[in-house]
Amino acid sequence: MLDSVFHGGDIRRASQEFDIALCDWLDLSTGINPYTYPLPDAPTSVWRNLPYDDYFLLVAAKRYYNTEHILPVAGSQQAIEIIPRLFSNAQSALKVAVLSPSYAEHTEQWSRYGHDVWPVSLDELESKLDVWDLIVVVRPNNPTTEMIVRDRIERWRQTLQQRSGIVIVDEAFMDAEPHHASLTCIQPEMPEGLIVLRSIGKFFGLAGIRLGFVVANPSYLNRLQGERGLWAVSGPALWAGQSCLSDELWQQEMRAHLNSQSILLSDLLERMHLPHARTPLFCYVPTASAEQIYRLLAQQGILIRLFEHIPAIRIGLPPNQAAAHRLEAALHDMTARI
């Protein structure tokens, strides 16, 4: 049985379960860009000095996201964990709608602070707009890939804002989209009732530095900054974030490369007769054979993401040609066994 919140990338756990050495695994379970941003050598000061100064990161981030209202956090996961705290002193539990299925931590964290959390379909969400105090939506959705249009989210925001409600939009996978700038819900001047989460780790392949951003009206950011704590973002993360957010040429070339690699993965799944949807960083495969496929690939040292509550798997991009051939061979072998 999987844990209530189980994430991709846990090679050690897979190694123990399937008795395969750590070094022999091909990890396609996370949806993180396998082509990591090539950081230069860090200056000694980022390791030695306390991380007081986020000025250069903020300059780069405000330009990249085209907004003035932004707060660095230790990965968008930190924001997911601490935003519910801002509402923990509410007179009554908030009614929180989480458009589902989606990233399980949203439901987990709002429930942890005693709120009334409802994982809902799009139809259920819209039929009860007069009920919700807060809506959480992931776009593009992890794992199902849907992209709820901005006009619909703005309608939700306006409806909820009439009673001081909030829409939280998790855009952790947005950066890889070819037209991300026109798709994002981020605005130069953020309105009341809208909070957008962004991640550096997914698109830039830098999940280990733990850096993300909250984009929102200053009234929310001021409260969130107090909950975030002192030195929440490390010196190396501040430096790395400024570097990668400023490199527009790499960003443009990488978006094109990821899209082409995602198409190749999609073509492979098509040849295997596996219906799927894709983003530039992963493919989502809803299938009744999800657990069987997961185990057959794992037995060959290929880790993909299996979901507990939906019959589906997620497959990330192979990092190189050899890995792509290995995945293709394993899928061919699998189709003969299911």
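The values are calculated or read from the model by the stated rules, or taken from the named source; none is laboratory data. No experiment lies behind these values; they were computed from the predicted model shown. Please note: Cβ atoms are built from the backbone with ideal geometry, for glycine as well, and neighbour counts cover all protein chains shown.
Just give me the residues in region 35-48 being within 15 Å of CYS244 (Cα to Cα) and surrounded by 14 or more Cβ atoms within 10 Å (Cβ to Cβ), in sequence order. If you could, list the steps in order and put the result at the bottom.
Narrowing region 35-48 to residues within 15 Å of CYS244 (Cα to Cα): 35-42.
Passing the criteria: TYR35, THR36, TYR37, LEU39.
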Can you spot a residue in region 66-82 that is acidic (Asp, Glu), out of contact with any strand residue (DSSP E or B) (no Cβ under 9 Å at 6 or more places or on another chain) and closer than 18 Å to MET190 by Cα? yes
Taking VAL233 and the conditions (1) assigned by TED's automatic domain parsing to the domain that holds GLU17; (2) outside any helix (DSSP H, G or I); (3) in contact (Cβ under 8 Å) with a residue 60 or more places away in the chain, which numbered condition does it fall short on, given that it satisfies the others? (1)
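With a cut-off of at least 2 residues that are in contact (Cβ under 8 Å) with a residue 60 or more places away in the chain, exposed (fewer than 14 other Cβ atoms within 10 Å of the Cβ) and among the hydrophobic types (A, V, I, L, M, F, W, C), name the strands (runs of 3 or more DSSP E) lying wholly within region 86-174. Write out each step before concluding.
Details: elements: 95-99, 116-120, 134-138, 166-170.
In region 86-174, no matching strands (runs of 3 or more DSSP E) lie anywhere.
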Which condition breaks for GLN242 when tested against (1) in a helix (DSSP H, G or I); (2) within 30 Å of ARG85 (Cα to Cα); (3) out of contact with any Phe, Trp or Tyr (no Cβ under 7 Å at 6 or more places or on another chain)? (3)
So, first residue of a type in the set (Ser, Thr, Tyr) in region 60-74, second residue surrounded by fewer than 20 Cβ atoms within 10 Å (Cβ to Cβ), Cβ within less than 8 Å, six or more apart or across chains; the pairs are TYR64/SER246; THR67/GLN187; THR67/PRO188; THR67/GLU189
Quick check on my filter: what residues within region 107-144 are closer than 26 Å to ALA181 by Cα and either touching a helix residue (DSSP H, G or I) at 6+ places or on another chain (Cβ under 6 Å) or of a type in the set (A, V, I, L, M, F, W, C) (or both)? LEU122, LEU134, ILE135, VAL136, VAL137, VAL138
One residue is enough: does region 56-75 have a residue meeting the conditions farther than 23 Å from TRP132 by Cα, in a loop (DSSP other than H, G, I, E, B) and among the hydrophobic types (A, V, I, L, M, F, W, C)? yes
Residue hits (region 206-236; surrounded by fewer than 20 Cβ atoms within 10 Å (Cβ to Cβ) and within 18 Å of the chain's Cα centre (by Cα)) are ALA207, GLY208
Which one is farthest from ARG305 (Cα to Cα) among residues in region 85-102 that are modelled with pLDDT of 95 or more and out of contact with any Leu (no Cβ under 7 Å at 6 or more places or on another chain)? LYS95
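Can you tell which of ALA298, ALA288, ALA323 is aliphatic (A, V, I, L, M), out of contact with any strand residue (DSSP E or B) (no Cβ under 6 Å at 6 or more places or on another chain), surrounded by fewer than 19 Cβ atoms within 10 Å (Cβ to Cβ) and in contact (Cβ under 8 Å) with a residue 12 or more places away in the chain?
Numbers: ALA298 fails: surrounded by fewer than 19 Cβ atoms within 10 Å (Cβ to Cβ); ALA323 fails: out of contact with any strand residue (DSSP E or B) (no Cβ under 6 Å at 6 or more places or on another chain).
Just a single option satisfies the conditions, and that option is ALA288.
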